[in-house]
Amino acid sequence: MDQEFEFRAASRRGEDAEIVYHLTRKPWGWSFRSERTQGWCDKRGVPYLFDSLDQDGIEYPGSLRDRLRALWLEAHDKDLTPQEVQQALDRLAVWLRDVDEHAPAYEVRVSD
């Protein structure tokens, strides 16, 4: 515990832009840090991780919260190494990128 991990998300805001969120596993959940904000999250990453994903315009699957909680519990119950936790976060990040890349683009057009 108290090991900081990186959760990398691709952003469509810029070409090849990547946003790095920092998560540290704590007894009650996660400590979250990004370039813009930081705070305490529950085991599902709520509120700061998801507020940041929303603010950064990153689409994510609805079950990401549950997967993050499952990872926290597995790390606790099975005493995963920091490398195993990082690998699991990397797999979640790949899934996140895939969802975001395939999300339909919406444009609002104002008619004259």
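Things worth noting here:
- For region 82-90, the condition holds for no residue, the condition being that it is in a loop (DSSP other than H, G, I, E, B) and either polar (S, T, N, Q) or touching a Cys at 6+ places or on another chain (Cβ under 8 Å) (or both).
- Residue match in region 59-80 (condition: part of a strand (DSSP E or B) and touching an Asp or Glu at 6+ places or on another chain (Cβ under 6 Å)): no
- Any hit, region 50-68, residues being modelled with pLDDT of 90 or more, surrounded by 12 or more Cβ atoms within 10 Å (Cβ to Cβ) and within 12 Å of PHE5 (Cβ to Cβ): yes
- Residues of region 75-91 satisfying the condition of being in contact with a Phe, Trp or Tyr (Cβ under 8 Å, 6 or more places away or on another chain) and either within 15 Å of ASP2 (Cβ to Cβ) or without any contact (Cβ under 8 Å) to a residue 60 or more places away in the chain (or both): PRO82, VAL85, GLN86
- Test: ILE19 is touching a strand residue (DSSP E or B) at 6+ places or on another chain (Cβ under 7 Å), in a loop (DSSP other than H, G, I, E, B) and farther than 16 Å from MET1 by Cβ: no
- Of the residues making up region 1-49, those that are touching a Gly at 6+ places or on another chain (Cβ under 9 Å), free of Cβ contacts under 8 Å to residues at least 60 places away in the same chain, surrounded by 12 or more Cβ atoms within 10 Å (Cβ to Cβ) and charged (D, E, K, R) number 4.
- Residues that are touching a strand residue (DSSP E or B) at 6+ places or on another chain (Cβ under 6 Å) and assigned to a loop (DSSP other than H, G, I, E, B), drawn from region 23-44: SER34, ASP42, LYS43
- Restricting ASP51, ASP2 to residues that are under 11 Å from the mean Cα position of the chain (by Cα) and not in a strand (DSSP E or B) narrows the list to ASP51.
The values are calculated or read from the model by the stated rules, or taken from the named source; none is laboratory data. The structure presented is a predicted model; accordingly, all values stated were derived computationally and were not measured. Every residue, glycine as well, gets a Cβ built from its backbone with ideal geometry; the counts of neighbours run over all protein chains shown.
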